[in-house]
Each structure stands twice: as structure tokens, then as C-alpha cells.
């Protein structure tokens with residue numbers, strides 16, 4: 001493997017190793033001692049979290065205590081004394097939902113409300129994580145998790161009010177996001193076929209406005225020429241042309257004369273893969289070309305998603321079935337352009353929330369200022385704060401006691417306890433049965449349904465993007481590849497942060513990884529995929545990044561030793577909130593109906609927030625959950 005200069009390799013004790021080996025040999029107190037020190041102790045505060053390279057996301061020190069509790073069932077002895085004086089509210093989870101809950105609760109209680117936010121990571125924001133790099137004296141910023149404000153016009157009035165209250169001016173993104181940037185540089189989408197999987201390395205440019213869709217005769221010809229060069233059999237190329245170029249209506253061939261309503265109901269019950277192979281005549285080889293091109297939405301390939309979802313997704317093989325995607329589009333998603341993106345993704349929202357909650361921790365009056373602002377992390381948890389954010393603190397028990405709520409957490413290997421009038425649980429829902437002793441069996445069963453979606457967002461800091469420009473590509477999918485796709489970052493400039501102006505300048509490349517298990521139902525795929533991902537080391541992610549970048553772009557001058565400056569692996573074993581999959585779940589389940597409703601039932605002075613509680617893996621889901629939780633407590637001044 002190529003040894004890269006400037007890349008920090010941080011080996012970690014995976015969740016499998018901890019729970020499968022160490023936890024079987026050690027008591028919880030001994031294990032807690034192991035996870036203290038540098039990983040969870042105060043020494044980590046001397047390193048600015050967004051600048052830490054290597055293994056991030058669910059990093060070493062953030063998960064061991066929870067795994068020991070959930071899988072071994074041991075917990076340290078509860079402390080007798082309280083760490084701090086009483087709080088009005090304790091919030092478990094410092095992601096967007098937890099931070100929004102604190103922001104909203106202050107509006108209910110008043111500016112002097114005493115609020116404590118506890119989070120197990122060394123940084124706030126939950127999955128809305130900021131990655132920073134310094135390359136050749138320039139600061140690069142990328143997103144390590146929650147990506148973009150999707151369809152803000154469809155947000156609830158209350159959620160819109162939160163964004164407005166933070167000073168987020170949605171209309172400005174039309175100026176900050178340069179939608180013509182890559183077009184100006186003659187760069188388009190592509191598909192990379194690897195030698196290992198297809199017999200030769202081939203980067204097939206699509207030269208269309210939207211992947212496998214074409215809007216003009218020129219784009220149609222471009223796509224046809226591209227297919228001619230794909231390293232698949234002549235039979236597979238002919239099948240793909242029939243589907244994508246000739247627009248064969250396989251739904252009519254399958255159900256001649258069926259009404260739109262009949263087609264919609266039928267397409268819910270069959271996977272897109274099965275529909276294409278059974279009714280559109282595609283071979284396994286032909287299907288493989290785009291099997292994973294929608295994986296970023298569900299962390300599943302098309303074999304585990306319905307054919308109707310392909311219509312909703314405007315997929316090239318499902319756009320000519322006599323159905324209008326607008327008629328079957330999911331609620332909560334609008335038709336606005338996908339441009340409402342901070343340079344650090346939705347970490348920009350989290351940082352604005354923290355700015356308001358702990359004003360002296362950062363100087364950033366506007367959202368433009370926040371793009372380059374640095375937080376003073378040592379100011380997040382001070383005695384004089386009315387709102388305190390306590391990082392590296394894993395909650396192990398929350399319960400009602402004499403009209404108050406006691407919250408026990410582990411910090412620096414020691415158990416500590418605080419008391420509050422109420423608590424909001426805004427973290428990973430699957431942990432709730434382990435930390436809420438008053439929860440009943442039916443509620444535990446309801447929570448168990450939602451299987452968090454595993455994923456890793458890998459950001460690669462590049463010294464330049466000359467090879468990308470020479471190849472004429474900004475984004476390419478990788479059939480059967482370790483990384484499903486590779487892309488250059490969104491061209492967003494905000495405030496003093498200017499996106500890479502020329503191909504000689506540094507830039508961030510984004511490489512997502514989704515562990516899957518072909519042939520299994522979605523929940524099983526997420527569960528087994530989580531274990532699969534936890535077995536991977538940083539070197540595994542680095543090796544795959546080097547190989548796929550080199551294979552696709554090496555012929556155009558890419559050199560990993562020269563062009564890669566640093567790598568951050570944002571590993572999220574418990575990533576997206578589980579959204580109901582009509583191929584496996586009842587068709588009438590949605591954010592408004594399903595097991596999550598019973599799972600978020602109030603327990604005394606403890607209420608539930610977090611995107612898990614609304615079965616909707618988007619920013620507005622997290623914010624709406626916070627709104628509901630705060631209103632449910634009916635906190636008044």
C-alpha cells in the first residue's frame with residue numbers, strides 16, 4: 001500500500017472487538033478505565049475537533065461505554081452526590097435535534113434557563129459534523145455527515161422559524177452555490193468500471209444533465225456513445241440501450257392496459273431489480289451498471305427498494321411508464337434545487353445553534369461569519385453558562401425521582417449524576433431501553449423496529465483537481481466498488497471561505513461507503529452492515545480510496561502520493577434514522593404512522609426527540625422532533 005505523507009492513521013478498538021472479546025473478559029469498571037484517558041479525557045480538548053484526521057464520526061472513546069452497557073449489561077455504581085446544582089432541563093444528545101430542543105426550551109423558560117446538553121462525542125452536532133483541513137496554507141471545509149437543507153419550502157412553519165431565528169437566509173444559497181461551476185469547467189457525471197469487476201478500467205462519461213436521463217437529442221447521442229464504450233457484453237449494451245435510449249415501457253408490457261392506480265400499487269410490491277430483470281429484460285450484468293446508483297438515499301441497492309421508488313427518484317429506467325413522479329413523490333420533499341448547503345453541510349446549523357446557546361464560545365454574528373469561525377471548546381461547559389454543553393459524556397441511566405429527573409453519565413471513566421426538572425432524549429433511540437429503566441416492554445418493542453442505517457462519509461483533501469478536470473468528470477459512480485461513488489465537493493463559497501477557484505487549488509473529494517448484504521431485508525442489511533463496518537480499520541478505508549481514485553483518474557495524471565494531503569473517515573454505525581421501506585414494511589407506515597409513535601411515548605418528565613422519533617432522516621425531521629418534545633413538556637416561564 002502506498003504510504004502517504006501527512007495522513008494520520010488512528011487505529012481503533014472496533015465495536016466488535018470491544019463487545020465480543022474485551023467485554024467478555026472485563027468488568028464494566030475495568031473497561032471504563034480503558035476508555036478513559038486520552039480518548040475521552042480532557043487531553044482531547046487540546047485538539048480542535050474539526051481538524052482531527054483519521055477515524056472520526058463514531059470515534060474511539062465515544063461508543064465503548066454504550067456497547068458495554070447494551071451488550072454486557074453492566075454499569076458502574078451510581079454516585080451519591082450530584083456533580084452540579086439542579087438544572088431546568090437536561091438534554092441527552094448534542095445533535096441538531098438536541099441543540100434545537102435547547103434553543104426552543106430557552107424560548108419557553110426564558111434566557112436564564114439552566115440547561116445541560118450531554119453528548120458522547122468529542123464534538124457537538126451529532127451526525128452534522130464539520131471536517132477541516134489545512135492544505136498548502138489554505139483552509140478546506142467539508143461535511144462529515146448530515147449534508148444539506150433539503151426542500152426548505154416544505155418545512156413546517158415552526159421549523160422555518162428556527163432557521164430564520166438562527167439568521168439562516170435560505171435565498172442567499174442561490175448566490176453562494178455556483179450551479180454552473182462544473183459546467184464551466186466542462187465536467188460531468190461518469191461511471192467507473194473497475195478492472196477487477198469488469199475486466200478493464202474504464203471511465204465512461206455520461207455528458208447528460210442528469211446521469212442516465214437525457215433531455216435533448218445531443219444528450220441522447222452522448223449517452224448512446226457512452227454505453228457503446230462500457231466494458232460489458234454486446235447483449236448487455238443492447239439491453240441498456242433499449243431501456244435508457246429507446247425508453248421501453250416495461251410496465252405496460254407487464255400490465256397492459258393497467259390504470260395508474262393499479263400500476264402504483266403493483267410497483268410498491270416488487271423491487272426495481274426484479275422488475276427490470278423480469279419485465280424489462282435486463283441481465284444481471286446490465287443491471288449491475290446502476291445497481292447502487294441510488295444507495296446514498298437509503299444505504300440500499302435497488303434489489304431492496306421498490307420499483308415505485310425508482311419512479312420517485314426519476315431513475316432513467318423508470319421515467320417512461322406513464323407515471324408522473326409528482327404523483328407518487330414522498331411527503332416532506334419538494335422540487336427546489338439541491339443547493340441549500342453550508343460548506344460544512346448541516347454542521348453550519350449546529351454551529352449557529354451553539355453560538356446562540358453559548359454566545360461567548362465563538363464570534364460569528366452571521367451565517368457567513370460562521371463559515372470560517374473557530375469555537376473555543378473550553379468555554380462550552382463553564383459554571384457561568386446558563387446552557388452548558390458537556391462532551392465526552394455517555395449517559396447510562398435517566399429516570400424520574402421524586403418529581404425530578406436524575407441523569408447518570410460516564411465522563412473520564414467515572415460515573416457522574418445531575419438532576420433536572422425534565423429531560424429530553426435526543427440521541428440514538430436503540431439505546432433508550434438500556435438507559436430508561438421505567439420503559440415498558442411494548443415501548444421497547446416499538447423502538448426495536450427502527451434499525452439505524454450504517455454509513456461512512458470519507459473526505460479526502462486533495463492538493464489539486466487537475467486530473468478530474470482533464471478527465472472531464474466531477475462525480476462518478478463505481479458499480480460493485482467499495483465506495484459507491486466519488487465526487488468533488490459542492491461548489492459553495494460563503495463569507496471568507498471561497499471554493500477552490502482553479503484546478504491547481506486544493507479541494508475536498510467526498511467518498512461515501514455503505515455496508516450492505518445483498519438479498520436480505522432492509523433492517524437485516526443495516527444490522528449486519530453495522531458489524532461489517534466496525535471491523536474495518538482506517539487503513540481499509542484509506543486503501544480503497546487510493547485504489548479507486550488511482551484506477552479512475554490515474555490515466556489523467558492523478559498521483560496519490562502527490563495529490564492526497566489528508567483523509568478523514570466519518571464512520572457512523574448508527575447513521576441515518578430508519579425510514580419505512582414499502583418493500584418490507586406496511587405501505588401505510590410513514591412519519592405520521594408506525595412503531596416510532598409508540599416508541600416516543602413520554603415517561604414522566606422524560607420526553608423523546610431525535611430523528612428516530614419521527615422516522616424521517618432529514619434536518620426538518622430532527623427540528624420538528626425537538627419542537628414536539630419541548631411542547632410536550634409544556635415548560636413555562
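Some observations on this one:
- Euclidean distance between Cα centres, the range 237-262 to the range 407-434, Å: 53 Å
- Based on Cα contacts under 8 Å between residues 6+ apart, the range 347-389 shows a relative contact order of 36 percent.
- Once C-alpha pairs closer than 8 Å and six or more residues apart are averaged by separation and normalised to the residue number of the chain, the relative contact order reads 24 percent.
- A crude spin-label estimate for the pair residue 601 and residue 528, with each label 7 Å from Cα along the Cβ direction, gives 3.3 nm.
- Annotation: the range 532-637 has a Kirkwood hydrodynamic radius of 17.7 angstrom, from the mean reciprocal C-alpha pair distance.
- Gain on full stretching of the segment that runs from residue 136 to residue 255 - 0.36 nm per residue minus C-alpha separation: 36.9 nm
- The range 37-191: radius of gyration over Cα atoms, expressed as a fraction of 2.2 N^0.38 Å: 1.35
- Using distinct alpha-carbon pairs, which all enter the 1/r mean, Kirkwood radius of the range 232-377 in Å: 18.2 Å
- Cα centroid of the range 114-159 to Cα centroid of the range 492-527, whole Å: 14 Å
- Computed FRET value (nearest 0.05) for residue 51 with residue 170, which takes r as the C-beta separation and R₀ as 30 Å: 0.55
- Zone of residue 448's modelled label, taken as backbone nitrogen in the range 584-611 under 15 Å from a point 7 Å along Cα→Cβ: 595-596, 599
- Shape call, the range 353-494: gyration tensor on alpha carbons, a/c limit 1.5: oblate
- Inter-probe distance in nm under a simple model that places probes 7 Å from Cα toward Cβ, at residue 297 and residue 247: 2.0 nm
- Mean separation of Cα contacts under 8 Å, 6 or more apart, over the residue count of the range 447-540: relative contact order %: 36 percent
- Segment residue 374-residue 320, extension gain: residue separation times 0.36 nm, minus the distance between their alpha carbons: 14.5 nm
- Net length gained if the chain between residue 384 and residue 196 were fully extended (0.36 nm per residue, minus Cα distance): 61.7 nm
- Rough spin-label spacing in nm, given labels placed 7 Å along Cα→Cβ, for residue 153 and residue 470: 4.3 nm
None of the figures in this text is laboratory data; all of them are computed from the coordinates on show. Only a predicted model underlies this, so the values are computations on that prediction, with no experimental measurement involved. FYI the Cβ positions are ideal-geometry reconstructions off the backbone, even for glycines, and counts take in every protein chain you see.
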